[in-house]
Amino acid sequence: MSEEQNNGLSQLEESTYVPKQKEDRLAGVAAPVLEDTAYVAPKEKKSHLADVAAPTLADDDYVDTRKKHSLEGVQAPVLEDPDAHAASKPAQPAAFTPVPLTQQQLDVLAQQRAQSGQPPYTPEQIAAIQKAYMDRQVAAHAASQPAEPAPQPQVKTPVLEESTYTPPVKEKHEPQVSAAAAASLLEEPAPEPERKVSRFNEADLEAAKANAQKRAIEQSLNMTTNVDKAESRRLMNELRMEREAELAKKGFTVVIVLMILGLLAAAALYFFSVREFQDSMDNGFYSGVTKVMNYTSFGLGVVSVLLILRVGFVKKLGSFLFGLMTVLLLFPGLPMLMQKKEEGMALTAVGYGAALILCFAICFILSTSEPVNMFYKRKE
């Protein structure tokens, strides 16, 4: 160690370290004085299960009664021996006995042979025919019997595995139809005895057929007649309606003409009624008739105009007024004409004649004309 270092260490040892005292910040702060209060400890919370005791289980042996999903204790089924059924023989069908030809059938055969010009059958031929007939019966019976079933294959006992079993599939055996059953039993069927048909009722049958045919024809004619009648009625109604429509149109034209003629008749009647009488004529009756004609002439003009309205009452009123004026013009109209002044007598006579003719014509047409009646009857 060097001398300088030794001097430094000696200086450190000689100097004394005086620590600087820290200023106490809590000087003058007094501790708080707590009040002398009694401490009360909190009450112990009572448990609701304090008085509840745990149940004591009985000391019993527990047996699990749940169903076991296993095949323990399950034995495989034992199938019967199929050879035992095969050993049993099937029941034999009942014996079939063919029926020979009857004597009546043999007689029919002999009759047919005689009719054909051949010699009668010999006993050998009859025996051959009987044998062939019975053989055909036996063959037909054998064909009608069901065919023998085919041998069934041997079925082995299946070995069952645990929880897996597949039953064997049964084969369906459809019944076999032999070709002999579908063929004809006999090429030529055995002759049957000839049936005798009585002819006593042929006339009745023919008469019944004729009557039935006649009734069928009559019914068809009646149906045709009924259809024709209905069609005829329909056509007649259509024609009638068309004719009424045409008459109504024609009646409209006639009413227009009557309206004009009515106005002319009213003017002629008024002209005749206002013509002066002779000075020597002083008759109150003629004067009254003249006033009636004056007022009626205005009424005739109004009615003539109203005829176009197609009102039945106006038609009847017009027919009455024109008829009344026709009667008044005849009497006392004709004597009144003789009492008129001679000056302008020709014009007076023309007015009188025109009024008389027009009133009579209008009254007659309104009362008897079919077009006019249809015009008022048929309202479109």
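No lab work stands behind these numbers, since they all come straight from the coordinates. In this text, all values refer to a predicted model and were calculated from it rather than measured experimentally. Neighbour counts run over all protein chains shown; Cβ positions are idealised from the backbone, glycine included.
The packing ranking, built from the mean of other Cβ atoms within 10 Å per residue, places the peptides 233-239, 330-336 in the order 330-336, 233-239, highest first. Taking trypsin sites (Lys or Arg not before Pro) across segment 316-380, the ones in a DSSP loop with at most 13 further Cβ atoms lying within 10 angstrom of their Cβ are Lys341, Lys379.
Computing FRET efficiency as 1/(1 + (r/R0)^6) for Ala142 and Gln104, where r is the C-beta to C-beta distance and R0 is 25 Å, gives about 0.35. Residues of segment 353-380 falling in the label zone of Lys316, defined by backbone nitrogen less than 20 Å from a point 7 Å along Cα to beta-carbon, are 362-379. Measuring against 25 Å, Cα to Cα, the residue pairs Lys250/Lys377; Lys315/Lys341; Lys249/Lys315; Lys250/Lys291; Lys291/Lys377; Lys229/Lys249 contain Lys315/Lys341; Lys250/Lys291; Lys291/Lys377; Lys229/Lys249 as the ones spanning a longer distance.
With the alpha-carbon atoms of segment 319-380 aligned to their principal axes, the span from lowest to highest coordinate is 53, 18, 13 Å, starting with the largest.
Peptide packing for 131-143, 210-222 was compared via the average number of neighbouring C-beta atoms within 10 Å per residue; ordered from the highest value, the list is 131-143, 210-222. Set the Förster distance to 51 Å, then compute FRET efficiency between Ala203 and Gln130 from the Cβ-Cβ distance, nearest 0.05. According to the calculation, E is roughly 0.70. The slack in the chain from Ser116 to Ala349, taken as 0.36 nm per residue of separation less the alpha-carbon distance, amounts to 71.7 nm. Residue-wise HN-Hα couplings along segment 343-353, as the Karplus relation 6.51 cos²θ - 1.76 cosθ + 1.60 with θ = phi - 60° gives them from phi, are 5, x, 4, 5, 5, 5, 5, 5, x, 5, x Hz; Gly and Pro carry x.
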